[in-house]
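K.L.:
Please find one structure pasted underneath; my questions will follow.
The values are calculated or read from the model by the stated rules, or taken from the named source; none is laboratory data. Predicted model, so just to flag it, every value in this text is computed and none were measured. All Cβ positions, glycine included, derive from the backbone under ideal geometry; neighbour counts span all protein chains shown. Remember, those area values only see protein heavy atoms, side chains included, never the ligands or the DNA or RNA. Shrake-Rupley method; radii C 1.70, N 1.55, O 1.52, S 1.80 Å.
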Amino acid sequence: MADIAMRERRVTEARLLYEKCASLMPKFDVAKRKKNLEIQVLAGLATTSEAREDWVGAQQYIEAWLKLDSKSVDALRELAGCLLRQKNETAPWNNL
């Protein structure tokens, strides 16, 4: 539902749904599905932050996403965009 809300540019609704999902995450007990869902939630929270031009917040969510999936091209691309918008020339992924 959060992904649909975001596609329809209902950013506030999407944000609330992603946050609700994140709050329920500790109760989820299937490890592989939990990881995939955590990545989806972090990507969604990053997207809502980007929509609000909160580049620092988006960067934090993307970095958490990279901790779960360090080889994600999508996460690295999103991180690069956040860093460019912050005019931050240091690339944290150089240490990967």
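K.L.:
What full-extension length gain, to one decimal in nm, is calculated for LEU16 and PHE28 as 0.36 nm per residue of separation minus the Cα-Cα distance?
P.N.:
Net length gain for the segment: 2.4 nm.
K.L.:
Separate question: Would you mind working out the accessible area per residue for the chain, using a 1.4 Å probe, and quoting it in Å²?
P.N.:
68
K.L.:
Here's a follow-up. In percent, how large is the relative contact order of the chain, given Cα pairs closer than 8 Å and 6 or more residues apart?
P.N.:
Result for the chain is 20 percent.
K.L.:
Nothing charged except the Cβ atoms of Lys and Arg (+1) and of Asp and Glu (-1): what's the magnitude of the dipole of region 14-84 about its Cα centre? Round to the nearest 20 debye.
P.N.:
Once rounded to the nearest 20, the dipole reads 380 debye.
K.L.:
How compact is the chain by the rule of thumb for globular proteins, expressed as Cα Rg over 2.2 N^0.38 Å?
P.N.:
1.08
K.L.:
Moving on to the next point. Take the Cβ-Cβ distance between LEU84 and ASP3 as r, set R0 to 22 Å, and report the resulting FRET efficiency rounded to the nearest 0.05.
P.N.:
0.30
K.L.:
How many percent of the accessible area of the chain is carbon or sulfur, using a 1.4 Å probe? Mind showing how you got there, number by number?
P.N.:
Details: 3460 of 6500 Å².
Carbon and sulfur together cover 53 percent of it.
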